[in-house]
Amino acid sequence: MSTMPASHGHSEPCCNIPPVVSTGYQAKGTYEEIGGYNTYVTGPSDATKAIVVIYDIFGYFDQTVQGADILAHSDEKQKYKVYIPDWFKGKPCPIEIYPPDTDAKKKELGDFFTTYPPPKVAGLIPDYVNAIKAKDSSISKFGILGYCWGGKVVSLALKADGNPFSIAASIHPAMVDPADAKDVKVPFIMLASGDEPPEDVKKFEDTLAVPKHVETFDDQIHGWMAARADLSQDRVKAEYQRGYKTVVEFFGKNF
């Protein structure tokens with residue numbers, strides 16, 4: 001794990017992670033149409049900072065929505081509006097095909113990635129951010145966070161000309177490529193699971209030349225902070241909570 005001190009004298013945030021609910025989670029936000037995408041929106045109405053969340057390929061799961069609510073309601077010193085756009089238009093990848101251990105499941109997963117390659121979605125993000133700005137002119141700064149497939153989308157989105165994001169997070173990212181780290185110009189946090197290639201995570205970390213926090217949760221699976229989190233397991237629940245606390249603290253220091 002590596003960390004760099006906060007810049008500009010930012011102090012430690014006051015984090016109060018809400019109790020994590022294992023089943024039957026009741027969302028705190030609402031769904032709105034923004035930029036042509038159904039979007040889960042949560043957070044204080046007077047927030048001036050926003051976090052765009054790129055979900056994993058399974059879309060809106062309670063674990064992911066709960067994560068957005070945690071991001072929006074945990075830091076008493078900073079207020080965030082959190083947005084999760086539905087890039088898949090109501091047709092996410094069925095979680096039932098995981099693990100892809102048959103030829104049929106492999107084909108279905110491959111077809112999904114062909115339909116929604118990360119570069120395609122990354123290219124849609126600048127217009128989506130502009131749509132948020134048009135809807136809420138009080139938002140002055142943007143961060144981005146992505147899970148799994150969405151983690152790759154984040155790395156690619158940061159390369160865009162006129163990148164609108166001031167901070168970024170990649171959570172158990174898919175397709176970790178150390179070459180992507182060269183284009184990261186904003187504070188960056190990566191929380192890896194035990195399933196990501198450790199050599200790629202280490203090379204990515206070493207290539208980053210920005211305030212950073214890179215940490216591997218060795219005993220957690222790819223997806224433990226999003227749709228594949230089995231929050232009925234005490235260890236998963238504890239590391240899910242610790243993961244979000246780590247993200248909130250990093251954003252509090254650097255955003």
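The values are calculated or read from the model by the stated rules, or taken from the named source; none is laboratory data. Quick caveat, the model's predicted, so the values are computed rather than measured. Positions of Cβ are backbone-derived with ideal geometry, glycine not excepted, and every protein chain shown enters the neighbour counts.
Table for the structure above
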item: Within the stretch 146-203, tally of residues that are under 18 Å from W224 (Cα atoms) and either assigned to a strand (DSSP E or B) or among the acidic types (D, E) (or both); result: 12
item: Boolean, G150 is of a type outside the set (F, W, Y), within 25 Å of T216 (Cα to Cα) and touching a residue at least 24 places away in the same chain (Cβ under 8 Å); result: yes
item: The stretch 35-63, residues that are surrounded by fewer than 24 Cβ atoms within 10 Å (Cβ to Cβ) and in a helix (DSSP H, G or I); result: D62
item: Any hit, the stretch 97-117, residues being among the hydrophobic types (A, V, I, L, M, F, W, C), at pLDDT 95 or above and touching a helix residue (DSSP H, G or I) at 6+ places or on another chain (Cβ under 6 Å); result: no
item: Top-ranked residue of the stretch 90-105 - restricted to ones that are of a type outside the set (F, W, Y) and in contact (Cβ under 8 Å) with a residue 40 or more places away in the chain, ranked as surrounded by the most Cβ atoms within 10 Å (Cβ to Cβ); result: I95
item: One residue from V214, V176, V186, V210 being touching a strand residue (DSSP E or B) at 6+ places or on another chain (Cβ under 9 Å), aliphatic (A, V, I, L, M), surrounded by fewer than 21 Cβ atoms within 10 Å (Cβ to Cβ) and within 16 Å of I54 (Cβ to Cβ); result: V186
item: Selection count where residues are touching a Ser or Thr at 6+ places or on another chain (Cβ under 9 Å), aliphatic (A, V, I, L, M) and under 22 Å from S140 (Cα atoms), scope the stretch 152-187; result: 4
item: Which numbered condition V153 misses (of (1) among the β-branched types (V, I, T); (2) more than 13 Å from the chain's Cα centre (by Cα); (3) under 24 Å from K81 (Cα atoms)); result: (2)
